[in-house]
Amino acid sequence: FILRPHAHLGLDRSNIPSPLAASAVIDELLLESPDIADAAQHVSQLWQKPAETKECAISIQDSKVMTDKPILDENSVPSCLENIRRDDLEVTFLGTGSSQPSKYRNVTAIYFNLFSNGSLLLDCGEGTLAQLKRRYGMEGAESTVRNLACIWISHIHADHHVGLVRILTLRRDLLKGVSHDPLIVLGPSQLKRFLDAYQSLEDLDMQFLDNKATTLFSWETFELDNESNKNNELVIERDEDVKNGNLTSCRESCSQGSSKRLKLSVPVAKIETFALLNHLKKVLNEAGIERLISFPVVHCPESFGVVLKAADRINSIGKAIPGWKVVYSGDTRPCSEMIEASQGATILIHEASTYKVATFEDGMAGEAIAKNHSTTKEAMEVGNLAAAYRVILTHFSQRYPKIPVLDEISMHKTCIAFDLMTINLADLHVLPKLIPYLKLLFRTEMLIDNSDDHVEEA
């Protein structure tokens, strides 16, 4: 709106765009590229062809020694997707760009919709709440925030966490007057300083847990200590007080004496962490998540990736179906920790900040190394080495916001993420088949990018 004195020019509406219905947008697109109409028909048929349901006979352990071979052919699905329901898991990419928002891509945020079991956020860059509203509407976004089980942040860079406070304050306001627990936020230790500083201004209704407390080693230590505590309780219950029938005084002495002796050498911070881990485990189990495991990656100090493993389920005939496994890289160079954590993943979501057309991919590797990022080629190689079923590339440089070129070999298991794109677990078999149609949509921009590459080469 351009405002001018009413007495002179009134309100100038010449620059206000007229609202277009979806059909008008599609008609405009078809005028530019008539062959998109045929492509749309072909895409719709992909869902009408049932996928072959060969079970993968290779276990996660076996796949480590067969990393040079694909775990599945393109028409097979892993056993964890057998009779998968559409209300099991949906992954929505709220932001797929790096550094700062651009015209085409917002910064990083990934929303995991577990439907009746709740939801999770992995990273939360600026504009995450606005993207939720664009994707689900105002009421849908509020429902999404209200039902969050936890938020996980990969590292301290602003494009991964600046939208966090807005989400937390909205959840606080939505649940005011309703009995609820504070939301668990997992992240690097530097993030706690930021959140503590903000909480001095207003309550964020959250509990912070360091990512280091959710590594595989930390979870194993937690389980061992829990088992040790149970054993100590059994020993105490067998002491002389129990033999004399004085169980109440025994429990009192346990809480007032024996337990104090057991905990004297344990720092208060560790006791608080164990309490939070107990709470997190309960929250995850209610969401159908068996494990959330953070692992270190190569980026800035205290950078992490994460593994989400769903609980096993029983099908209609009583057969145990293994739970799906989703791995998110955060920002990282390719590293052994990343490959090991991704072994046998159902979905590997991997950053691919640096890309151009295939002939120039290697020339961009120097920039990726300098900034501790991965190229598209490296991200796909990690997926192949880990025998991941599907690799979804995200976190693209804002300088190249459209679509990278993929070779024919990589296309059988790889997909490109776009803002507000939702992927249902039941549709994973279709994903790679969409790549040619995405290329068609961005054909003009890809031609421009190619010409730019040739100019740079000259």
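The values are calculated or read from the model by the stated rules, or taken from the named source; none is laboratory data. From a predicted model like this one, the values you see are computed outputs, not experimental measurements. Here the Cβ is made from the backbone with ideal geometry for all residues, glycine too, and neighbour counts use every protein chain on show. What goes into the accessible areas is simple: the full protein's heavy atoms, side chains included, and nothing from ligands, DNA or RNA. Shrake-Rupley method; radii C 1.70, N 1.55, O 1.52, S 1.80 Å.
Does GLU202 satisfy being more than 26 Å from ILE293 (Cα to Cα) and in a loop (DSSP other than H, G, I, E, B)?
So GLU202 passes the test.
Given the condition touching a residue at least 12 places away in the same chain (Cβ under 8 Å), part of a helix (DSSP H, G or I), acidic (Asp, Glu) and open to solvent by 70 Å² or more (accessible area, probe 1.4 Å), answer yes or no: does some residue in region 300-313 qualify?
Among the residues of region 300-313, not one is touching a residue at least 12 places away in the same chain (Cβ under 8 Å), part of a helix (DSSP H, G or I), acidic (Asp, Glu) and open to solvent by 70 Å² or more (accessible area, probe 1.4 Å), which makes the answer no.
Please verify whether region 182-191 includes one or more residues that are of a type outside the set (Asp, Glu), open to solvent by 70 Å² or more (accessible area, probe 1.4 Å) and at pLDDT 95 or above.
No: zero hits.
Which numbered condition trips up ASP181, out of (1) assigned to a loop (DSSP other than H, G, I, E, B); (2) free of Cβ contacts under 8 Å to residues at least 12 places away in the same chain?
Looking at each condition in turn, ASP181 falls short on (2).
What residue, among those in region 277-297 that are open to solvent by 60 Å² or more (accessible area, probe 1.4 Å) and not in a helix (DSSP H, G or I), is farthest from TRP219 (Cα to Cα)?
Of everything passing the filter in region 277-297, PRO296 is farthest from TRP219 (Cα to Cα).
Out of the residues in region 406-437 that are at pLDDT below 80 and not β-branched (Val, Ile, Thr), which is most open to solvent (accessible area, probe 1.4 Å)?
GLU408
Report, by residue number, each residue of region 130-152 that is under 19 Å from ILE423 (Cα atoms), surrounded by fewer than 22 Cβ atoms within 10 Å (Cβ to Cβ) and among the hydrophobic types (A, V, I, L, M, F, W, C).
Correct list: ALA141, LEU148.
Could you list, in sequence order, all residues of region 383-395 that are surrounded by 24 or more Cβ atoms within 10 Å (Cβ to Cβ) and assigned to a helix (DSSP H, G or I)?
Hit for region 383-395 is GLY383, nothing else.
Residues that are modelled with pLDDT of 55 or more and of a type outside the set (A, V, I, L, M, F, W, C): list the helices (runs of 4 or more DSSP H) wholly contained in region 1-71 that include at least 2 such residues.
Answer list for region 1-71: 22-32, 36-46.
Exactly one of these conditions fails for ASP173: (1) open to solvent by 70 Å² or more (accessible area, probe 1.4 Å); (2) of a type outside the set (Ser, Thr, Tyr); (3) at pLDDT below 95. Give me its number.
Only one criterion is unmet by ASP173, namely (3).
Residues to consider are ALA379, ALA368; find the one that is open to solvent by less than 20 Å² (accessible area, probe 1.4 Å), at pLDDT below 90 and not in a loop (DSSP other than H, G, I, E, B).
Sole residue among the options that is open to solvent by less than 20 Å² (accessible area, probe 1.4 Å), at pLDDT below 90 and not in a loop (DSSP other than H, G, I, E, B): ALA368.
For region 127-165, enumerate the residues that are acidic (Asp, Glu) and under 16 Å from the mean Cα position of the chain (by Cα).
The one that is acidic (Asp, Glu) and under 16 Å from the mean Cα position of the chain (by Cα): ASP159.
Looking at (1) surrounded by 16 or more Cβ atoms within 10 Å (Cβ to Cβ); (2) at pLDDT 90 or above, can you tell me which one GLN398 breaks?
(2)
Mind checking which pairs have a first residue in region 120-137 that is closer than 14 Å to GLU90 by Cα and touching a residue at least 40 places away in the same chain (Cβ under 8 Å) and a second that is open to solvent by less than 30 Å² (accessible area, probe 1.4 Å) and assigned to a helix (DSSP H, G or I), Cβ under 8 Å, 6 or more apart or different chains?
Cβ pairs passing all conditions: LEU121/THR128; LEU121/ILE167; ARG135/ALA141.
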